[in-house]
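Quick note: the coordinates plus some simple rules give every number you see, no bench work behind them. Here the structure is a predicted model, which means the values were calculated and not measured. Here the Cβ positions follow ideal geometry from the backbone for every residue, glycine too, while neighbour counts run over all protein chains shown.
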Amino acid sequence: MKKFEILMIRNEHTFMVNAIVANLGKLGCSVIETEYNVKDISTYEETADIIIFYTDSNMVDNTNALVYIKDLCIEKNKQVVAIGNREELDEIYPIIPSMLLADSIERPVDMNTFSDKILQMMSNDVIEQRKKSVLVVDDDSSFIQLLREWLKDDYRVGMAKSGLQAITWLARNSVDLILLDYEMPVINGLQVFEMLKSEAISKNIPVMFLTGKSDKESIMKVMELKPAGYMLKNITKQQLLTHLENFFVKQTYNNL
């Protein structure tokens with residue numbers, strides 16, 4: 001079983017901080033402690049599964065670090081937990097909105113409740129549900145299987161081979177983005193797009209078109225529909241992952 005790594009950010013070694021670190025150790029976690037220093041936080045951000053920051057009365061002095069932590073929530077999808085009293089938590093919310101945090105825990109900390117919350121955050125189900133969900137709609141079975149292989153480590157992936165299958169899938173599942181083939185037979189991408197936008201369950205879901213045509217006329221025709229974007233079907237795995245990551249990061253910042 002993977003040993004979870006916790007990054008504990010605090011200014012001082014208080015009794016409560018030491019008790020929290022000891023408790024995390026009992027849960028089998030590896031704990032790395034650091035102060036509110038961007039350079040130190042950046043050193044451990046990649047390996048940390050959960051980031052906990054412990055507030056104090058001088059949080060205004062830690063603004064740069066808090067902004068950096070906020071960016072980690074958005075750009076790296078990190079599970080971040082804030083621990084502090086009500087006044088301190090209210091002070092940090094304008095910098096890190098509560099919606100970005102995995103949890104906010106008020107002091108004094110009840111260790112049993114704290115342990116339950118951390119164990120839940122470590123569960124495979126919670127980790128999986130934190131991933132964005134992408135539905136790929138394409139009549140080419142080989143292509144959608146390829147995209148699934150490319151995306152499955154970072155996203156929950158659904159697949160549909162037609163617009164009707166997509167609507168059926170969406171009736172049972174929620175999704176954050178639809179990747180839609182523009183050149184499908186029988187019911188083409190334009191018709192599927194209009195179908196999706198006419199249904200209550202899917203009208204607000206962003207849609208990106210996948211197209212095999214790169215000429216200006218074809219691209220202009222696609223963009224006239226005002227989708228969330230488009231990608232050429234000869235895209236590489238890294239280009240696809242970067243494109244989707246940039247889309248979701250931009251979307252989150254726009255929604256703050």
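For LYS3, give me every one of the aspartates and glutamates with a C-alpha distance below 14 angstrom, ignoring sequence neighbours fewer than eight places off in its own chain.
Within the straight-line limit of under 14 Å, LYS3 reaches these aspartates and glutamates: ASP49.
If you compute Rg and Dmax of the Cα atoms in Å for the structure shown, which of (1) 25.0, 78; (2) 19.3, 59; (3) 21.8, 68 do you land on?
So the structure-derived entry is (3).
Using the number of other C-beta atoms within 10 angstrom as an exposure proxy, rank ASP116, ASP71 with the fewest first.
ASP116, ASP71
Test of understanding: express the Cα radius of gyration of the range 1-79 as a ratio to 2.2 N^0.38 Å, with N the residue count.
Working it through for the range 1-79, the quotient is 1.07.
What order do you get for PHE15, PHE4, PHE53 when you list them from fewest to most C-beta neighbours inside 10 Å?
Fewest-to-most Cβ neighbours within 10 Å comes out as PHE15, PHE4, PHE53.
Tell me what the chain gives for mean residue ellipticity at 222 nm when only DSSP H runs of n ≥ 4 count, each as -39,500 (n - 2.57), the sum divided by the residue total, rounded to 500 deg cm²/dmol.
-13000 deg cm²/dmol
Which of GLU45, GLU149 has the fewest other C-beta atoms within 10 Å, and how do the rest follow up to the most?
Ranking GLU45, GLU149 by Cβ neighbours within 10 Å, fewest first, gives GLU149, GLU45.
Once fully extended, how much extra length lies between SER142 and LEU225, figured as 0.36 nm per residue of separation less the alpha-carbon to alpha-carbon distance?
That works out to 27.2 nm of additional length.
What is the diffusion coefficient of the range 36-119 in µm²/s, taking the Kirkwood radius over Cα pairs and the Stokes-Einstein relation at 37 °C with a viscosity of 0.692 mPa s?
So the translational diffusion coefficient is about 251 µm²/s.
Picking from TYR68, ILE187, PRO206, whose Cα lies most toward the positive end of the charge dipole for the chain (charges on Cβ: Lys, Arg +1; Asp, Glu -1)?
ILE187
Charges only on Cβ, +1 for Lys and Arg, -1 for Asp and Glu: so what's the dipole of the chain about the Cα centre, in debye to the nearest 20?
780 debye
Greater than 18 Å separation of Cα atoms is the criterion. Which listed pairs, LYS161/LYS221; LYS76/LYS131; LYS197/LYS226; LYS197/LYS237; LYS39/LYS70; LYS161/LYS226, meet it?
Listed pairs above 18 Å: LYS161/LYS221; LYS197/LYS237; LYS161/LYS226.
Could you work out the pair-distance distribution P(r) of the range 70-112 from its alpha-carbon pairs, with 10 angstrom bin width and percents rounded to whole numbers?
29, 53, 18, 0
Determine the gain in length on full extension of the stretch ASN85-SER174; use 0.36 nm per residue of separation and subtract their C-alpha separation, reporting nm with one decimal.
Stretched fully, the ASN85-SER174 segment lengthens by 28.5 nm.
What dipole magnitude, in Debye to the nearest 20, does the range 131-255 give about its Cα centre under +1 on Lys/Arg Cβ and -1 on Asp/Glu Cβ?
300 debye
Report the per residue volume, in Å³, of the convex hull enclosing the C-alpha atoms of the range 181-256.
107 Å³
What is the sum of charges around SER162, taking Lys and Arg as +1, Asp and Glu as -1, for the other residues whose C-beta is under 12 Å from the C-beta of SER162?
Charge balance near SER162 sits at -3.
Quick one: check the C-alpha center-to-center distance for the range 203-256 versus the range 1-24, whole angstrom.
41 Å
Considering only the other residues whose Cβ falls under 11 Å of the Cβ of LEU241, what net charge follows from Lys and Arg at +1 and Asp and Glu at -1?
-2
Just going by the charge dipole of the range 5-127, with Lys and Arg at +1 and Asp and Glu at -1 on Cβ, which of ASN37, SER104, THR47 is farthest out on the positive end?
Result: THR47.
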